[in-house]
Amino acid sequence: MEKETFILETENSCISCEVILRFYFEKYQKNYIVYTEHSKNEDQEENIFVSSYQPDDESHTLEDIKNPEELQDIVKQLEKWENNL
């Protein structure tokens, strides 16, 4: 199966990212994308990011998750999915 990738444009560069998961969270009525750009943290683990997005948005804008409760709920959901793999 081919991996889904996209280019994340920042102010200074373009970064190739790999999609890990896309999902819809009913509680927040939002779509989310979980992705990596294969960088490593200080423990040499791959950095993973999550953002909300609008599937019909032609500009493909990723939105930061600013609400701490929303982020906590997303992390809990991802942990549940991971435990079921």
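The values are calculated or read from the model by the stated rules, or taken from the named source; none is laboratory data. For clarity, every value in this text was computed on a predicted model and none was experimentally measured. Neighbour counts are summed over all protein chains in view; Cβ atoms, including those assigned to glycine, are modelled from backbone coordinates with ideal geometry.
Of all residues being aliphatic (A, V, I, L, M) and within 13 Å of the chain's Cα centre (by Cα) in the stretch 47-85, which is modelled with the lowest pLDDT? Just the residue, please. Residue satisfying both the conditions and the ranking: Leu78. In the stretch 43-65, of all residues being part of a loop (DSSP other than H, G, I, E, B) and touching a residue at least 12 places away in the same chain (Cβ under 8 Å), the one that is surrounded by the most Cβ atoms within 10 Å (Cβ to Cβ) corresponds to Ile65. Look at Glu2 and say whether it is out of contact with any helix residue (DSSP H, G or I) (no Cβ under 6 Å at 6 or more places or on another chain), acidic (Asp, Glu), without any contact (Cβ under 8 Å) to a residue 24 or more places away in the chain and assigned to a strand (DSSP E or B). The answer is no for Glu2.
For the stretch 18-38, the set of residues classified as part of a strand (DSSP E or B) and at positive phi is empty.
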